[in-house]
Amino acid sequence: MDRIRIVGGNPLVGTIPISGAKNAALPLMIASLLTREVLTLENVPRLADVNLLMRILGNHGVDYRIEGKRTGDGPYAGQTMHLDASDIVDTTAPYDLVSRMRASFWVVAPLVARMGRAKVSLPGGCAIGTRPVDLLLMVLEKLGAQIEIESGYVIAEAPKGLRGAEITFPKVTVGGTHTALMSAVLANGHTVVHNAAREPEVRDLADCLVKMGAKIKGAGTSTLEIEGVGSLHGARHAVLPDRIEAGTYAMAVAMTGGDLLLQGATAAILPGALEILAQTGAEISSTSEGLRIRRNGSGIMPVDVTTEPYPGFPTDLQAQFMALMTRAKGTSRITETIFENRFMHVQELARLGAHIRLEDDTAIVDGVARLKGAPVMATDLRASVSLVIAALAAEGETLVHRVYHLDRGFERLEQKLEACGAEIERVSDAG
């Protein structure tokens with residue numbers, strides 16, 4: 001099993017190309033199940049989760065082709081993927097695949113919408129709370145599907161097709177909104193979704209579905225209107241840049257010092273996070289190529305943060321921001337409102353010398369003058385990258401174990417950081 005070795009203390013200077021967003025690519029790939037024609041996705045990141053989802057889609061009968069490199073492609077150019085679901089041969093998504101990635105549960109929506117039936121294992125995934133699927137199933141029931149849970153599987157049936165309905169989410173849910181979009185586009189009639197998620201990844205899915213012939217209004221707002229159509233056709237769509245990757249590297253340079261251009265990133269996809277980051281003392285500017293982040297010479301100022309649905313501060317940047325606050329000149333409070341059990345990185349940051357105490361859903365971080373390298377262990381995707389950020393600013397050597405979590409969501413992280421001056425490498429346990 002690989003580890004990442006980091007010797008901290010180097011500022012980050014240079015350019016980091018921002019990859020396509022994992023949280024957009026996965027639902028876009030799943031949307032290929034909605035049409036008999038080819039869906040072509042550009043700028044797909046090379047990630048373990050993408051590869052796993054391809055296996056899951058292949059199990060349903062989806063054929064795919066990935067284009068090779070083209071003249072002029074940079075080392076971080078995204079993949080172009082052609083997905084052909086013209087012949088769905090199996091509407092069952094088995095436990096051994098779905099249990100490894102929660103987002104794969106979303107196949108239930110297009111399978112029921114197009115085929116009238118789906119049998120999908122209840123999901124597994126990161127250990128950051130229960131993340132129940134009840135709201136996803138509520139969507140299908142509202143649209144007329146019959147739902148049974150049997151032996152750990154959800155069986156959803158709508159032999160006469162889904163029908164439009166009014167759906168009101170009791171809380172904002174990205175997975176529920178994706179499910180509503182992919183179910184209602186082929187339903188008979190009009191669907192209205194209230195309290196919909198507004199994340200850029202939701203809008204990216206809606207934009208792609210519209211290219212495929214769907215009729216959707218209100219994407220990016222809290223109210224969606226969908227008029228069902230008889231069928232969807234193929235399309236070509238580019239995955240939007242990964243705002244979580246961009247925010248992660250922005251916090252890394254805010255912590256280590258330096259000057260980074262986050263190529264392809266835009267301020268529009270990170271409003272809540274950039275506002276908070278600026279309050280810590282980072283200098284942020286937009287250029288024609290992307291976002292430029294610099295750390296001024298006054299040190300890191302403490303800022304209180306509460307995670308919120310978009311456009312608020314994202315839960316997927318909470319661990320990274322906590323790493324930044326460990327070196328702040330004072331005390332900050334970080335409140336997690338989206339997921340339970342998402343403070344599992346606290347004890348590992350403490351191994352580097354951080355002073356953090358927990359009070360219910362709030363972490364109180366007392367900034368320290370320095371961190372010192374140590375062996376640490378990743379517990380989930382975002383926690384693992386927070387340890388990398390902290391290690392970049394720590395004195396001496398840090399070894400991050402269980403880095404397979406990183407490979408699920410960060411494309412070529414070591415290479416991107418090393419190119420900007422970080423002393424970082426991947427080593428095997430035998431090395």
task = Test Thr248 against the stated conditions and say whether it is outside any loop (DSSP other than H, G, I, E, B), at pLDDT 95 or above and not assigned by TED's automatic domain parsing to the domain that holds Ser285.
result = no
request  = Could you please let me know if Ala158 is assigned by TED's automatic domain parsing to the domain that holds Asp84, closer than 30 Å to Ile293 by Cα and small (Gly, Ala, Ser)?
outcome  = no
ask   = Cβ-Cβ below 9 Å, separation at least six or inter-chain, first residue in the range 12-32 and at positive phi, second in a strand (DSSP E or B): which pairs?
value = Gly14/Gly258; Gly14/Asp259; Gly14/Leu260; Gly14/Leu261
note = Only one of Arg294, Arg333 is of a type outside the set (Gly, Ala, Ser), modelled with pLDDT of 95 or more and within 16 Å of Asp361 (Cβ to Cβ), namely Arg333
request  = Being part of a loop (DSSP other than H, G, I, E, B) and of a type in the set (A, V, I, L, M) is the filter; apply it to the range 217-244 and report the residue that is surrounded by the most Cβ atoms within 10 Å (Cβ to Cβ).
outcome  = Val239
Set Asn51, Asn43: member being part of a strand (DSSP E or B), within 17 Å of the chain's Cα centre (by Cα) and not assigned by TED's automatic domain parsing to the domain that holds Val385 = Asn43
key: Residues of the range 399-413 satisfying the condition of being over 17 Å from Asp242 (Cβ atoms) and either crowded, with 21+ Cβ neighbours inside 10 Å or of a type in the set (Asp, Glu) (or both)   = Val400, Val403
inquiry  = If I ask for residues that are in contact (Cβ under 8 Å) with a residue 60 or more places away in the chain, part of a strand (DSSP E or B) and either outside the structural domain of Met322 (by TED's automatic domain parsing) or of a type outside the set (A, V, I, L, M) (or both), which ones from the range 351-410 would you list?
reply    = Glu395, Glu397, Thr398, His401
ask   = What about Glu425, is it under 22 Å from Val7 (Cβ atoms), within 23 Å of the chain's Cα centre (by Cα), at pLDDT 95 or above and charged (D, E, K, R)?
value = no
key: Among the candidates Ala214, Ala184, Ala180, residue that is buried (at least 22 other Cβ atoms within 10 Å of the Cβ), without any contact (Cβ under 8 Å) to a residue 40 or more places away in the chain and under 24 Å from Ala85 (Cα atoms)   = Ala214
key: Cβ pairs under 6 Å, 6+ apart, first in the range 218-236 and under 28 Å from Pro309 (Cβ atoms), second at pLDDT 95 or above and aromatic (Phe, Trp, Tyr)   = none
ask   = Somewhere in the range 271-288, is a residue over 16 Å from the mean Cα position of the chain (by Cα), in contact (Cβ under 8 Å) with a residue 40 or more places away in the chain and surrounded by fewer than 16 Cβ atoms within 10 Å (Cβ to Cβ)?
value = yes
message = Go through the range 174-199 and report how many residues are of a type in the set (Val, Ile, Thr) and in a strand (DSSP E or B).
response = 3
task = Test Glu166 against the criterion of being free of Cβ contacts under 8 Å to residues at least 24 places away in the same chain and not polar (S, T, N, Q), and give yes or no.
result = no
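The values are calculated or read from the model by the stated rules, or taken from the named source; none is laboratory data. Computed from a prediction, not measured in an experiment: that's the story for all the values here. Cβ atoms come from the backbone with ideal geometry, glycine included; neighbour counts cover every protein chain shown.
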